[in-house]
Structure formats: C-alpha cells, structure tokens
Amino acid sequence: MQNRYLLASDVRDGETIFRNVCAGCHVRGGSVVLKGSKSLKLSDLEKRGISDVGSIVKIANEGIGFMKGYKNKLKDGEDKVLAQWIVENAENGWK
C-alpha cells in the first residue's frame, strides 16, 4: 500500500516543475513561445491582476484563456511551490 503522505523529497522544486510543465510555452524569462500565450513578467502579471501566489495557484490548476490547467500533472503542494517560484522570479526580473 502506498503511503498517502508526501515526504518533502517527493515534491519537486519550483524550477523543476516550471521546466517540466510550463517552459514549453513560457520559456525562462517569462517570455512566450506560442501566439496567444501570456508573459510571466511582473508588469504583465500586475496588469492582469494575477501577480500573487493564490492567483498563480488557481491558474496552474484550472488554466486561463488558451492555457489548460495542470492539476493532473502537479502533485499535492506543487502548485503552491510553482506559484511561489514564478512570483519570486517575476519580482526579480527573471534573472
């Protein structure tokens, strides 16, 4: 029987999650690859009112616009880890 509790080592770090789930459309730096995709630059997130962790968590799970949700690809807690990583990188200018 599989243990239903995740160990800290079971949850991927934000950069790994981003690389595996998001980078296909949102390359490092917040730029976009596909037409119609939105930037993850802080100014763009702020303009759309989604520059906080809670908004990014919701979008990661449910999707927005052309972007589908990824709740089936994210383990428990990874949505928040990813959202925190995205907000932090956006605030730091995706350096």
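Data table
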| item | result |
| --- | --- |
| Qualifying positions in region 45-72 - aliphatic (A, V, I, L, M) and part of a helix (DSSP H, G or I) | LEU45, VAL53, ILE56, VAL57, ILE59, ALA60 |
| Region 26-44, residues that are more than 20 Å from GLY93 (Cα to Cα) and either outside any loop (DSSP other than H, G, I, E, B) or of a type in the set (Gly, Ala, Ser) (or both) | GLY36 |
| Qualifying positions in region 81-95 - of a type outside the set (D, E, K, R), at negative phi and open to solvent by 30 Å² or more (accessible area, probe 1.4 Å) | VAL81, GLN84, TRP85, ASN92 |
| Lone qualifier among LYS58, LYS38 - being open to solvent by 30 Å² or more (accessible area, probe 1.4 Å) and at pLDDT below 95 | LYS38 |
| Any chance ALA23 is touching a helix residue (DSSP H, G or I) at 6+ places or on another chain (Cβ under 8 Å) and either modelled with pLDDT of 85 or more or within 20 Å of TRP94 (Cα to Cα) (or both) | no |
| Answer residue from region 65-91, given it is farther than 11 Å from VAL53 by Cα and touching a Gly at 6+ places or on another chain (Cβ under 6 Å) and is modelled with the lowest pLDDT among those | PHE66 |
| Looking only at region 64-80, and only at residues there that are over 17 Å from GLY30 (Cα atoms) and in contact (Cβ under 8 Å) with a residue 40 or more places away in the chain, the one that is least open to solvent (accessible area, probe 1.4 Å) | GLU78 |
| Counted residues, region 66-93 - those being of a type outside the set (Lys, Arg) and more than 14 Å from ARG19 (Cα to Cα) | 13 |
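The values are calculated or read from the model by the stated rules, or taken from the named source; none is laboratory data. Given the structure is predicted, the values throughout are model-derived calculations rather than measurements. Cβ: placed from backbone, ideal geometry, glycine included. Neighbour counts: every protein chain shown. With ligands, DNA and RNA removed, areas are computed over all heavy atoms of the protein, side chains included. Shrake-Rupley method; radii C 1.70, N 1.55, O 1.52, S 1.80 Å.
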